[in-house]
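*Asks:* Dropping the structure in here first, questions after.
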Amino acid sequence: MIENISGLIGPPRTFKKLFMGVYVDGDCGHRSIPSYWSDDITGFLRVNSDGDTVNVAWIKDNDGDNGLTPGVTGIRVLFPDPKTISYNWWDPPTDWGPTNPANPFDYSGHPDTDAKKYRIMSNGEIDPDQTKSNPPPGIPIDGMDTRYFLSFGPFDVPPDSTLKLTLAYLGGQPEGENDEFDDLGINARWARDVYDNPPADGIPDFSGPPPPPSPNMEIIPSDQTVTIRWDNSSESTIDKFSRLQDFQGYRIYRSRSGILNEMEKLGEYDQVDGFGYDFGFDALNPITDPANGKVWYTYIDRGLTNGEFLYYAVTAFDSGYAPTGLESLESSPVINLKQVAPSTGPEQQQAIQEVLVVPNPYRLSANYVDIGWERGTADTDRRIDFTNLPPRCTIRIYSLAGDLLDTIEHDYPAKSAIRHSESWDLVTRNIQAIASGIYLFTVTSETGTYVGKFAVIY
């Protein structure tokens, strides 16, 4: 779980070297166990099993309550990246936890003044893990009613400004050869990557791992037949989250309407590696282009009706990522969706001319009100226009993952005031303002379908 936290810092003066903290009293355990909260242990995970710095403060039940609570939870600071992190834990009967004699600001006993509290939060001390294998002196090895305090900073906050924080609350479960801390460390890295997709640029993304890109595709109509060809460009991509070349296979789709949920899967082909069906690609007649080394695959759809318009797409899917429980991801059919009709004559092209989106990209920083493009600054005042439309058509807007966000019916002059244009307020059918990103759209009329894309930058 990734949580954004913000608050107005006042009164109107500058705060220098401000430190923030998160207090956690986990009370880990199963409620059926008497005094389940009395045997917690805590610690600090600096580096995960892949060597990534994660800096996670964690807490768990010491013995797992006979398998009822085997996992661990923890907190990581995602934004802003603090220069100093302090981690301290304690138990009420023994007061403040272990101290470092070499650090004069790591107090023993309770920090009962503001000055002591500030020094505890800013001293950069990381208490030793409370574990059976390495118990701190004088601390019971079976755990206690432990709680911890994760603090971080410093931050300089100008007058009347907002301090924004992003924290990740994480979990870890033992699975196979990996223990709960291996899982916690992997999840900590993935939380960072979801917040700011790799390679990190400091701009929040809040988006998960993408599927492999769709391949380059072409379709060739002939008498009662359509030939679909695509290249192997999807196969060499590296997943930035798992850091693996995780391409698995292709799926071929056909539709008479161009609507995603009405697409029929004609075939699925995957690598022979023990994942999925292991069909292999030999049936697709792979041919290597000697000019550039690309491999091209071919699928032939036969027994069709000449003159009937059909839509085709080829998607790529991956193998998922077992350590995080991520299932296989598939690219959207909208990305390379093409329309064609089998014919005894020359190849037919889609009849709809290019549809333009204005402005593209849409920038939140642009002042569209002053130039008269938008009426106000509310979410519902935002506007893009689809132009060069046929008089009657249906516009469908999708995310890159293929989720239908909204549908607009353009019908001039019955319902639409402008013959060749239709506006959209960037609000989905679920009444949610869309986020920054790239979006796909289709325009479908009785003469064909046009597929395009536009960008939104906030």
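Each reported figure results from applying straightforward, stated rules to the coordinates on display, with no laboratory input. Here the structure is a predicted model, which means the values were calculated and not measured. Note: ideal-geometry Cβ built from the backbone for every residue, glycine included; neighbour counts use all protein chains shown.
*Asks:* The stretch 352-398 to the stretch 62-121: how many Å between their Cα centroids?
*Replies:* What the calculation gives is 52 Å, centre to centre.
*Asks:* Radius of gyration and Dmax for the stretch 376-458's Cα atoms, expressed in Å?
*Replies:* 12.7, 38
*Asks:* Across the stretch 107-120, in residue order, what do the Karplus-derived ³J(HN,Hα) couplings come to in whole Hz, using 6.51 cos²θ - 1.76 cosθ + 1.60 with θ = phi - 60° and x for Gly and Pro?
*Replies:* Ordered by residue, 3J(HN,Hα) equals 6, 8, x, 7, x, 9, 10, 4, 5, 5, 4, 5, 5, 4 Hz.
*Asks:* Using amide H atoms built in the peptide plane, which far-off residues or other-chain residues are under 5 Å from L400 H to H?
*Replies:* Those qualifying (amide H under 5 Å, at least 5 residues apart or on another chain) are L440.
*Asks:* Suppose R0 equals 25 Å; then what is the FRET efficiency for K240 and T377 from their Cβ-Cβ distance, rounded to the nearest 0.05? Mind showing how you got there, number by number?
*Replies:* Working: r = 35 Å, r/R0 = 1.39.
Plugging the Cβ-Cβ distance into 1/(1 + (r/R0)^6) gives 0.10.
*Asks:* What are the chymotrypsin sites (Phe, Trp or Tyr not before Pro) within the stretch 230-325 that DSSP puts in a loop, where the Cβ has at most 13 other Cβ atoms within 10 Å?
*Replies:* Details: sites: W230, F241, F247, Y250, Y253, Y269, F275, Y277, F279, F281, W296, Y297, Y299, F309, Y311, Y312, F317, Y321; in loops: F241, F275, Y277, F279, F281, F309.
Taking the stretch 230-325 and a limit of 13 other Cβ atoms within 10 Å, the loop chymotrypsin sites (Phe, Trp or Tyr not before Pro) found are Y277.
*Asks:* Taking neighbour counts of Cβ atoms within 10 Å as a proxy for exposure, in what order, fewest first, do D183, D239, D223 appear?
*Replies:* Working: D183 23, D239 20, D223 10.
Going from sparsest to densest Cβ surroundings: D223, D239, D183.
*Asks:* Using the Cα atoms of the stretch 217-340, I'd like the radius of gyration and the largest Cα-Cα distance, Dmax, both in angstrom.
*Replies:* 15.4, 49
*Asks:* Once the Cβ-Cβ distance between S233 and F275 is put in as r, and R0 is 30 Å, what FRET efficiency do you end up with, to the nearest 0.05? Don't skip to the end; give the middle numbers.
*Replies:* Working: r = 21 Å, r/R0 = 0.69.
Computed FRET efficiency for S233 and F275 comes out at 0.90.
*Asks:* Between the DSSP loop rule and a limit of at most 13 other Cβ atoms within 10 Å, which GluC sites (Glu not before Pro) in the stretch 357-447 are left? Please report the intermediate quantities before stating the final value.
*Replies:* Values: sites: E374, E409, E422, E446; in loops: E374, E446.
Answer in residue order: E446.
*Asks:* So what is Rg over Rh here for the stretch 176-269, counting just Cα atoms and using Kirkwood for Rh? Could you put the intermediate results ahead of the total?
*Replies:* Numbers: Rg = 18.8 Å, Rh = 16.7 Å.
We get a ratio of 1.12 for the stretch 176-269.
*Asks:* Still on this structure, please answer the following. How high is the relative contact order of the chain, in percent, counting Cα pairs under 8 Å that sit 6 or more residues apart?
*Replies:* Contact order relative to length: 12 percent.
*Asks:* Continuing with the same structure: So what's the net charge close to W424: Lys and Arg +1, Asp and Glu -1, counting the other residues with Cβ under 10 Å from its Cβ?
*Replies:* On the way: positive: R382, R383; negative: D385, D406, E422, D425.
Local charge sum for W424: -2.
*Asks:* Relative to the compact globular guide of 2.2 N^0.38 Å, what is the alpha carbon radius of gyration of the stretch 2-195, as a ratio? Mind showing how you got there, number by number?
*Replies:* Numbers: Rg = 17.3 Å, N = 194, 2.2 N^0.38 = 16.3 Å.
So the stretch 2-195 has a normalised radius of gyration of 1.06.
*Asks:* Further question: Work out the FRET efficiency for R31 and M1 from their Cβ-Cβ distance, taking R0 = 25 Å, and round it to the nearest 0.05.
*Replies:* With a Förster radius of 25 Å, E is 0.70.
*Asks:* Could you give the C-alpha radius of gyration of the stretch 38-104 expressed as a fraction of 2.2 N^0.38 Å, taking N as the number of residues it contains?
*Replies:* Numbers: Rg = 14.4 Å, N = 67, 2.2 N^0.38 = 10.9 Å.
This ratio for the stretch 38-104 stands at 1.32.
*Asks:* Which trypsin sites (Lys or Arg not before Pro) does the stretch 29-101 hold that lie in a coil by DSSP with at most 14 other beta carbons within 10 Å?
*Replies:* Of the trypsin sites (Lys or Arg not before Pro), the ones in loops of the stretch 29-101 whose Cβ has at most 14 other Cβ atoms within 10 Å are R31, K83.
*Asks:* Moving on to the next point. Determine the principal axes of the Cα atoms in the stretch 220-284, then give the extent along each, sorted from largest to smallest and rounded to whole angstroms.
*Replies:* Here the spans come out as 43, 27, 21 Å, largest first.
*Asks:* Provide the gained length on full extension for the span R302 to T84, in nm with one decimal, where the gain is 0.36 nm per separating residue minus the Cα-Cα distance. Could you put the intermediate results ahead of the total?
*Replies:* On the way: separation 218, 0.36 × 218 = 78.48 nm, distance 6.59 nm.
Taking R302 through T84 to full extension adds about 71.9 nm, to one decimal.
*Asks:* Enter the Cα centre distance for the pair the stretch 217-277 and the stretch 404-429, rounded to the nearest angstrom.
*Replies:* 31
*Asks:* About its Cα centre, what dipole magnitude does the chain give when the only charges are +1 on Lys and Arg Cβ and -1 on Asp and Glu Cβ, stated in debye to the nearest 20? Mind showing how you got there, number by number?
*Replies:* Values: 36 positive and 66 negative charges, 342 e Å.
Around 1640 debye, computed over the chain.
*Asks:* Here is a further query. Just the number, please: percent antiparallel of the DSSP beta bridges in the chain, rounded to the nearest 5.
*Replies:* Details: 106 of 109 bridges.
Of those bridges, close to 95 percent are antiparallel.
*Asks:* While we're looking at this one, here's another question. Counting Lys and Arg as +1 and Asp and Glu as -1, each charge on the Cβ, what is the dipole of the stretch 259-340 about the Cα centre in debye, to the nearest 20? Could the numbers behind the result be given before it?
*Replies:* Values: 4 positive and 13 negative charges, 64 e Å.
So the dipole magnitude of the stretch 259-340 works out to roughly 300 debye.
*Asks:* Please compute P(r) over all alpha-carbon pairs of the chain, binned at 20 Å starting from zero, and give each bin as a whole-number percent.
*Replies:* 19, 40, 30, 11, 0
*Asks:* Here is a further query. To make sure I understand, if each residue's beta carbon is the centre and we count other beta carbons within 10 Å, what order do S86, S257 fall in, fewest to most?
*Replies:* Ranked by crowding around the Cβ, least crowded first: S257, S86.
*Asks:* Right, here's the next one. Going by C-beta contacts inside 10 Å, put V72, V451 in order with the fewest on the left.
*Replies:* Details: V72 27, V451 23.
Fewest to most other Cβ atoms nearby, the residues stand as V451, V72.
*Asks:* Of the listed pairs K265/K338; K16/K83; K83/K116; K164/K240; K16/K164, which have alpha-carbon separations greater than 24 Å here?
*Replies:* As for pairs spanning more than 24 Å Cα to Cα, those are K164/K240.
*Asks:* Do you know the relative contact order of the stretch 217-340, to the nearest whole percent, from alpha carbon pairs under 8 angstrom that are 6+ apart? Could the numbers behind the result be given before it?
*Replies:* Numbers: 234 pairs, mean separation 37.1, N = 124.
Relative contact order comes out at 30 percent.
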